[in-house]
Amino acid sequence: MPELNPILIRDLRSRMRGARAYILLTIYLTILAGVSLLLYVAIAGSVGSDLNAGREIGRALFFTIATVALIEVCLITPVLTSGSIAGEKERQTYDLLIASLLTPWQIVWGKLASALAFALLLILAVVPVMSLAFLFGGVGLTEVLIAIVGLVATAILYAAIGLFWSALMQSSLGATSFAIGTVIVILLGIPFLIVIVTLILEPSALSRLLESLWFIYISRLFISLHPFIALGTTASQLSSGESPFFEVVRTGTANVVVLSPWLLYAILSLIATVILVASSVRHIHPVQPESARRRRARSQDRQDVLGERVSKR
Amino acid sequence: MTAIVETRDLTRRYGSNLALDHLNLTIPEGAIFGFIGPNGAGKTTTMRILTTLLAPSAGEARVAGVSVVSDPRTVRRLVGFMPDFFGVYDNMKSWEYLDFFGRAYGIPAQRRQQLIGELLELVDLGHKRDDLVMSLSRGMKQRLSLARAMMHDPQLLILDEPASGLDPRARIELRELLKELRALGKTIMISSHILTELAEMCTHIGIIERGKLLAAGEVQQILRSMRPHRIVEIRIVSGAAHAEAMLRTHPDVLELRREGARDTKENESEPLDDATGPHTLLADFAGDEHALSELLAALVTAGVRISHFAEQSGDLEDIFLHVTTGIV
Ligand SMILES: Nc1ncnc2c1ncn2[C@@H]1O[C@H](COP(=O)(O)OP(=O)(O)O)[C@@H](O)[C@H]1O
Ligand SMILES: [Mg+2]
């Protein structure tokens, strides 16, 4: 039987031994439960007791929980990985890993897997609360499944973002700052650009654009980069009775079929994750074989200088 | 003996700074090789190249005939490295620390368990098996680090300044440990900027300064080759001025110094005054035993009163000072 990744085993061992993991999990669940309770109290009073009350409470509860969980996943997962490789550099254990028989891929994968194991634990913890909303009615199984896929895709991508910065930077503080910065740029930058575009375009130009095929594709792709917009759009499409997998956009001349934003989001996340993980692997530097080394001699030199400065501390 | 480490014109630059300058180093199998040089001489750089952590700028480095550049993986299997710092993981027990690196070197589970026990015993940490690594003393961490470097049974151990920062007792323990390792058939390369740390335990030494190898070889051979003449220490109670004049003109005395002259900046041209107390002279003497006894007889016959006349035991420290002429 092949053995599990050594880094994964070690990280899980020490993560579960420390109190930090439990504190984090407790805070995370407390926020979720608190928000749900507040919402329940607020809504239960206002909707009265007619037949639809349960359904409305269920829907509100579900979307609130999904949103809060998504926010938490967006913020927690990059932090889980951003300290991982940079932390080895800080603790001066990085050289020992490189000098061992571990491959760069094993190092990166072990770090990613141990963070994902914990992130999945966070997501799994939401499922019972979501099922509660499911019991109230008003939410279908499709919605619950899509929400979980969205959470998992987000966890993987945002963990990969943290990992990428961790492989690049020399300190955990630097890596964490850049990882959180990247998350903020994605989450706030995309809506900002959307607002800007709609503001500067004249209404006539906008309606002409809405007819063009490439604009339809590009705009769908663009909003599918943002977890909240992609999943929110999907939710509203589902409630207006569209298929969970594709959307038919009617222009004056034809009907254009595009993938549902959540599906597009999951696919784009996967592609971005692969790219980020691959470039993380490339940043784990052992000695380069002679030919490759010469090609990279200049940048390599610079990196060695940085690497050594840290290990000298 | 075959060479386990061999470098040919090994050169490493950091920008414009030449850290290693055409280094040609050979370490025979089974040696305890002391790599000695002042801070910044290039010891760590050499060791990092040999452990595949750093690429050479030019030249070649081979471990057991394997190039560190073209086949780093094989080299990693052959080399155990203990850097000049100790990397600590939070929340990790001693045995887990070794277990992790055992896994990292792909050692099968059963063998790993057995090895951890054996190595912890070897480095005298059997009783610390379940203690957190963080809680160990500096000397213990050092020994654990050594056990870690041994996990994959490497042929060559590269230890970068292992003795620095250790108290005398821990240092002695380390020395004993190295002897045991040598008995196990390991070749050991150990660096230090303090010569006396290594003097007694090495079979071979190499002296490096500013990236250049100044001398290398068996300790005894180096002692001989670096010191073709002896230094005679003469303490004179009276007649010092006369003795000095005699020695200066003696054909076998290559150089004559007054002890402490360098510190006091005493004017060497002024004759020595017996009233200022006994004086000690140091003579670089090129002659043999007979010539030396004749010199003593001549001095005594001339009425010089001598309280001490002895050859200085040449030790590594002198050679070190002699070779590294205080450039750094
Ligand atoms: N990462 C680095 N960047 C620039 N210069 C370095 C770096 N590492 C070492 N040097 C320089 O290389 C020379 C040799 O250093 P080093 O091998 O660490 O010496 P030692 O281990 O003998 O004290 C020194 O002049 C040092 O300043
Ligand atoms: Mg050094």
Legend entry - Check on B:VAL69, assigned by TED's automatic domain parsing to the domain that holds B:ILE27, in contact with a helix residue (DSSP H, G or I) (Cβ under 6 Å, 6 or more places away or on another chain) and modelled with pLDDT of 90 or more: yes
Legend entry - Residue tally, condition touching a residue at least 12 places away in the same chain (Cβ under 8 Å) and assigned to a helix (DSSP H, G or I), over segment B:130-172: 18
Legend entry - Extreme residue, farthest from B:ILE188 (Cα to Cα), among residues of segment B:25-57 that are within 16 Å of ligand 2 (Cβ to nearest atom) and at the interface with chain A (Cβ under 10 Å from one of its Cβ atoms): B:LEU54
Inset, instruction - Among the residues of segment B:58-74, write down those that are at the interface with chain A (Cβ under 9 Å from one of its Cβ atoms), buried (at least 19 other Cβ atoms within 10 Å of the Cβ) and not in a loop (DSSP other than H, G, I, E, B). - result: B:PRO72
Inset, instruction - Could you name every one of the helices (runs of 4 or more DSSP H) located completely within segment A:18-126 that has at least 2 residues being more than 30 Å from B:LEU156 (Cα to Cα)? - result: A:20-46, A:53-82
Inset, instruction - Would you point out which residue out of A:LEU145, A:LEU157, A:LEU124 is closer than 25 Å to A:MET16 by Cβ, modelled with pLDDT under 95 and away from chain B (no Cβ under 14 Å)? - result: A:LEU124
Legend entry - Any chance B:ALA104 is assigned by TED's automatic domain parsing to the domain that holds B:ARG138 and more than 16 Å from ligand 1 (Cβ to nearest atom): yes
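Kindly provide the set of residues from segment B:139-182 that are within 16 Å of ligand 1 (Cβ to nearest atom) and either under 18 Å from A:LEU96 (Cα atoms) or among the acidic types (Asp, Glu) (or both), ordered by number.
B:ILE158, B:LEU159, B:ASP160, B:GLU161, B:PRO162
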Legend entry - Tabulated pairs, segment A:80-104, first within 17 Å of B:ASP90 (Cβ to Cβ), second in a loop (DSSP other than H, G, I, E, B) and of a type in the set (Phe, Trp, Tyr), C-beta under 6 angstrom, 6+ apart or interchain: A:GLN92/B:PHE85
Inset, instruction - Output yes when any residue across segment A:238-256 is modelled with pLDDT of 85 or more, in a loop (DSSP other than H, G, I, E, B) and within 20 Å of A:CYS74 (Cβ to Cβ), and no when none is. - result: no
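For residues that are surrounded by 22 or more Cβ atoms within 10 Å (Cβ to Cβ) and in a helix (DSSP H, G or I), tally how many sit in segment A:131-145.
Let us first name the residues in segment A:131-145 that are surrounded by 22 or more Cβ atoms within 10 Å (Cβ to Cβ), namely A:133, A:139, A:143.
Then drop every residue that is not in a helix (DSSP H, G or I), which leaves A:133, A:143.
Residues meeting the conditions: 2.
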Legend entry - Count of residues meeting criterion [under 18 Å from A:LEU80 (Cα atoms), in contact with a helix residue (DSSP H, G or I) (Cβ under 8 Å, 6 or more places away or on another chain) and among the hydrophobic types (A, V, I, L, M, F, W, C)] in segment A:174-206: 5
Inset, instruction - Spot the failing condition for B:ARG77; the list is (1) part of a helix (DSSP H, G or I); (2) closer than 30 Å to B:LEU25 by Cβ; (3) away from chain A (no Cβ under 12 Å), and only one is missed. - result: (3)
Inset, instruction - For B:TYR14, work out the one condition from (1) of a type outside the set (Val, Ile, Thr); (2) within 16 Å of ligand 1 (Cβ to nearest atom); (3) buried (at least 23 other Cβ atoms within 10 Å of the Cβ) it doesn't fulfil. - result: (3)
Inset, instruction - Working carefully through the options B:THR51, B:THR46, find the one that is crowded, with 21+ Cβ neighbours inside 10 Å, under 12 Å from B:LEU156 (Cβ atoms) and not basic (Lys, Arg). - result: B:THR51
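The values are calculated or read from the model by the stated rules, or taken from the named source; none is laboratory data. Just so it is clear, the model here is predicted, and its values are computed rather than measured. Here the Cβ is made from the backbone with ideal geometry for all residues, glycine too, and neighbour counts use every protein chain on show.
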